[in-house]
1. Given the pairs Lys153/Lys300; Lys153/Lys228; Lys54/Lys244; Lys49/Lys114, which span a C-alpha to C-alpha distance of over 23 angstrom in this model?
2. Give the Debye-formula value of log10 I(q)/I(0) at each listed q (0.13, 0.14, 0.16 Å⁻¹), with one equal scatterer per alpha carbon of segment 138-264, two decimals each.
3. Would you mind counting up the charge near Ile34? Only other residues with Cβ under 13 Å from its Cβ, with Lys and Arg at +1 and Asp and Glu at -1.
4. If contacts are Cα pairs under 8 angstrom and at least 6 residues apart, what is the relative contact order of the chain in percent?
5. Rounded to a whole number of µm²/s, how large is the Stokes-Einstein D of segment 158-197 at 20 °C and 1.002 mPa s, given Rh as the Kirkwood radius over C-alpha pairs?
6. Which residues make up the longest stretch of the chain clear of GluC sites (Glu not before Pro) that lie in a DSSP loop with no more than 16 other Cβ atoms within 10 Å, not counting the sites?
7. Suppose every Lys and Arg Cβ carries +1 and every Asp and Glu Cβ carries -1, with no other charges. What dipole size does the chain come out with about its Cα centre, to the nearest 20 debye?
8. Hey, what number do you get for the chain at 222 nm if only DSSP H runs of n ≥ 4 count, each worth -39500 (n - 2.57), divided across all residues, to the nearest 500?
Amino acid sequence: MSLNSFGHLFRFTTWGESHGPAIGAVVDGCPAGIALSEADLQPWLDARKPGTSKFTTQRKEADEVRILSGVFEGRTTGTPIQLLIENTDQRSKDYGEIAQSFRPGHADITYHQKYGLRDYRGGGRSSARETASRVAAGGVARAVLRDLVPGLKITGYMVQMGARGIDRSRFDWAQIGQNPFWCPDPVAAEDWAAYLDALRLSHNSVGAVIEVVAEGVPAGLGAPLYGKLDSDLAAAMMSINAVKAVEIGDGMAAAALTGVENADEIRMGNDGPVFLSNHAGGILGGISSGQPVVCRFAVKPTSSILTPRRTINQAGEEVELITKGRHDPCVGIRAVPVGEAMMALVLADHLLLDRGQTGGVRGRIG
């Protein structure tokens, strides 16, 4: 069974390893006639690529994407779209010392236990390098959404680094692209810079929380009971490397609310229903309500650090290990465009599913 694919009607499969010659994705189920070129995909890859600041890994990858199939004269043909990203800056020698030892916090030990062998060079398929393929596929999904749902907008940003969260009273959408952390709070961004710089120099790392919001999502996407929009969003975000928790709307905080506080009251506006709050994160009963869809996920600290950690090797001997190489002190930074891509991929898939099931027909209100 192949477990390298995600989606139902709009489906993508990623392939390749961190230190192989290339990585990429195959996108299947894309409607024909969508305007698409490498220029539509490259900006999203540029946002994710390594080496953009001192706070990310210094591995230098151009992450230039090539479209090998599925596009003719600038438009999709409805056939599989093959995307290729070459690896150009591998340093496999950095991993020679871990060929027989298991890095704590990594998938080394579980890959060995399951398959009996593993690609130790950068973690192979378990490397966050795989997420570049997702971002490329997400660019195709964004092109579909651009044509089929004009005005839909997806924005990701970091709301917490370690224990340090943003102050939402200072939330400024314009600040998100103005700092290395995709942070909407300029004061928090300055604090995080000093904090992460100290962690980086002390050979340590830290986790983060990312929030992704999709505005302009039409009501009616998703289906009960096992085709819920939020369950697919949770699966999509949870599949990202290093993600350990996912929330929709208020998420875990909803457990501390009363029913009076949690209910998103509804009034009738000039253009249809108007919700007075959005504790549900734009999804009710697994179906989008027309409000902004809000998803949040937690990324663990980067496990690759230069501080010695206790572990064992394949012979069962106890050893201490330092993970050499070029690594992110906070992998959550580059997880922001990955989260945006997964949101786009899920929404594109559910848009096509809804068209197939209902033809876009909606129940009337008013």
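1. Details: Lys153/Lys300 27 Å; Lys153/Lys228 21 Å; Lys54/Lys244 25 Å; Lys49/Lys114 30 Å.
Too far apart for the 23 Å limit: Lys153/Lys300; Lys54/Lys244; Lys49/Lys114.
2. -0.73, -0.84, -1.06
3. Taking every other residue near Ile34 into account, the sum is 0.
4. 22
5. Once the numbers are plugged in, D ends up at 219 µm²/s.
6. 74-264
7. 520
8. The helix contribution divided over the chain gives -8000 deg cm²/dmol.
The values are calculated or read from the model by the stated rules, or taken from the named source; none is laboratory data. It should be emphasised that the depicted structure is a prediction, and the values quoted were computed from it without experimental measurement. Glycine also receives a Cβ, built like all others from the backbone with ideal geometry; neighbour counts cover every protein chain displayed. Accessible surface is based on the protein model in full, side chains and every heavy atom, while ligands, DNA and RNA are left aside. Shrake-Rupley method; radii C 1.70, N 1.55, O 1.52, S 1.80 Å.
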